[in-house]
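Since the structure comes first, as structure tokens, the remarks are kept for the end.
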Amino acid sequence: MIRLHDTLARQKREFIPADPRRITMYVCGPTVYGRAHIGNARPAVVFDLLRRVLEQAYPDADVVYARNVTDVDDKIIAAAADEGVDPAVIAERYEQHYLDDMGALGVNPPTIAPHATHEIGPMIAMIETLVSKGHAYEAEGHVLFSVPSDADYGALSKRDREQMIAGARVEVAPYKRDPADFVLWKPSPNDVVGWDSPWGRGRPGWHIECSAMIRAHLGETIDIHGGGLDLIFPHHENEIAQSRCAHGGAPLARYWVHNGFVDMGAEKMSKSLGNIVTPGELLAAGHKGEVLRIGLLSAHYRQPLPWTEKLIAQSKAILDGLYRKVGAAEAGTIDEGVMEALYDDLNTPLAISRLGQIADPTSLKATANVLGLLLDSEEAWFRGGIRSDVEARIEARDAAKKARDFATADRIREELKADGILLEDGPGGTTWRRA
Ligand SMILES: [Zn+2]
């Protein structure tokens with residue numbers, strides 16, 4: 001039996017799928033305008049694990065996991081204007097980076113990856129339904145959702161009206177009937193990407209995208225809706241309002257699951273702060289994807305996760321120990337104690353600690369694989385680990401030399417020397433050997 005903490009119920013509930021043959025899960029995916037930071041990687045890893053756990057618990061079911069790609073957005077449009085390219089160039093580039101980075105963290109591709117730009121028809125259809133039912137209205141080329149038309153609005157975030165208006169940082173616009181109303185559709189000037197609609201040429205607001213794609217690919221009511229804590233309000237509150245009002249009151253999701261923040265020191269990580277740590281940078285610096293993955297799973301998913309150098313070092317040490325233990329073993333029987341911990345609202349700290357207590361290497365391998373860990377052999381882990389690490393650091397040194405930053409280049413050489421690696425610069429480039 002799986003138990004999940006449901007944000008709407010504010011408690012852990014037994015998970016019972018509506019249809020045990022087809023389990024549906026939707027997670028809000030990336031807006032592709034820049035490299036993902038480590039905070040973006042946490043939901044990707046957490047919900048990848050939840051999917052694997054569901055597949056273990058329901059071996060005869062189809063677990064249908066949809067994660068969208070927001071490929072039309074004002075931030076993408078701004079990035080495209082900066083570079084003087086089409087928004088599709090920006091979106092495609094950063095979607096590929098996202099897939100590469102998450103793949104390196106052992107995140108499997110979702111079953112379905114709907115793209116906003118391919119789903120404009122379903123979005124327009126849902127907006128038309130909302131207008132015809134009196135839950136949305138047109139004003140100056142915009143279509144707005146009428147928050148006062150939905151008596152249940154606010155149930156997920158449990159905020160009062162004043163908090164909602166303040167929290168949404170809503171733009172006060174003269175065409176809004178109520179300050180809490182939010183945009184479903186907005187006009188596009190001629191030089192901005194747009195689509196024809198009953199309200200003129202324009203583009204969708206962000207919230208309608210998820211509601212329309214869930215309806216199109218998974219149905220009116222899904223089993224699990226996931227995302228980061230920061231999406232509860234306004235994004236998920238707005239998704240609920242749109243879907244329920246369009247579908248005669250049918251709930252959007254039966255379980256709402258939210259992961260906590262990744263903390264860099266005292267500050268919440270976000271791209272607007274300068275302290276970006278991206279999985280891409282960490283991987284390039286020679287950290288292995290499994291190290292970052294176990295680090296992201298080291299705290300319970302609902303708790304804040306302090307992201308520190310020390311955590312990365314500890315994560316590597318844990319994996320080194322597990323790899324030494326597993327050796328060249330093939331996967332055997334999955335350990336029940338670890339699965340019990342995972343079935344209890346994804347208790348990963350307990351699951352990882354129990355993993356360390358498994359004596360049988362074949363069982364250790366099979367069980368760790370469920371968590372997306374110990375996918376290499378011991379031999380490949382230690383060989384590949386050292387080589388990719390040294391090579392990444394040599395590349396960083398080459399880049400520093402090219403930029404005439406000789407202080408950094410010398411520092412990298414000294415750091416490698418301290419780790420027992422000697423560099424030799426020759427006409428064909430830099431080679432290395434153990435001291
Ligand atoms: Zn969403």
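A few notes on this one:
Listed here are the residues, each with its yes/no results for (1) surrounded by 18 or more Cβ atoms within 10 Å (Cβ to Cβ); (2) free of Cβ contacts under 8 Å to residues at least 12 places away in the same chain.
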residue: K316; (1), (2): yes, no
residue: L319; (1), (2): yes, no
residue: R324; (1), (2): no, no
residue: A328; (1), (2): no, no
residue: A331; (1), (2): no, no
residue: E336; (1), (2): no, yes
residue: L342; (1), (2): yes, no
residue: L350; (1), (2): no, yes
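- Qualifying residue in segment 216-237 (condition: touching a Ser or Thr at 6+ places or on another chain (Cβ under 7 Å), aliphatic (A, V, I, L, M) and under 24 Å from R161 (Cα atoms)): yes
- Close pairs (7 angstrom Cβ cut-off, 6 or more residues apart or separate chains): closer than 17 Å to N108 by Cβ in segment 32-43, modelled with pLDDT under 90 and not in a loop (DSSP other than H, G, I, E, B) anywhere: none
- Segment 132-153, residues that are part of a helix (DSSP H, G or I) and buried (at least 19 other Cβ atoms within 10 Å of the Cβ): V147
- Test: residue in segment 301-311 that is in contact with a helix residue (DSSP H, G or I) (Cβ under 8 Å, 6 or more places away or on another chain), surrounded by 15 or more Cβ atoms within 10 Å (Cβ to Cβ), assigned to a helix (DSSP H, G or I) and not hydrophobic (A, V, I, L, M, F, W, C): no
- Test: residue in segment 360-379 that is under 26 Å from N259 (Cα atoms), touching a Gly at 6+ places or on another chain (Cβ under 8 Å) and of a type outside the set (A, V, I, L, M): yes
- For the residues R404, R354, R413, R383, the requirement of being among the basic types (K, R), modelled with pLDDT of 90 or more and farther than 17 Å from E424 by Cα singles out R354.
- The numbered conditions (1) assigned to a loop (DSSP other than H, G, I, E, B); (2) more than 27 Å from the chain's Cα centre (by Cα) are all true for P251 except (2).
The rows are residues; the columns are (1) in contact with a Lys or Arg (Cβ under 8 Å, 6 or more places away or on another chain); (2) in contact (Cβ under 8 Å) with a residue 24 or more places away in the chain.
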site	(1), (2)
N68	no, yes
K75	no, yes
G84	no, no
P87	no, yes
I90	no, yes
E95	no, yes
A113	yes, yes
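The values are calculated or read from the model by the stated rules, or taken from the named source; none is laboratory data. In this text the structure is predicted, and so the values were computed from the model without any measurement. Using ideal geometry, Cβ is built from the backbone for each residue, glycine included, and neighbour counts are taken over all protein chains shown.
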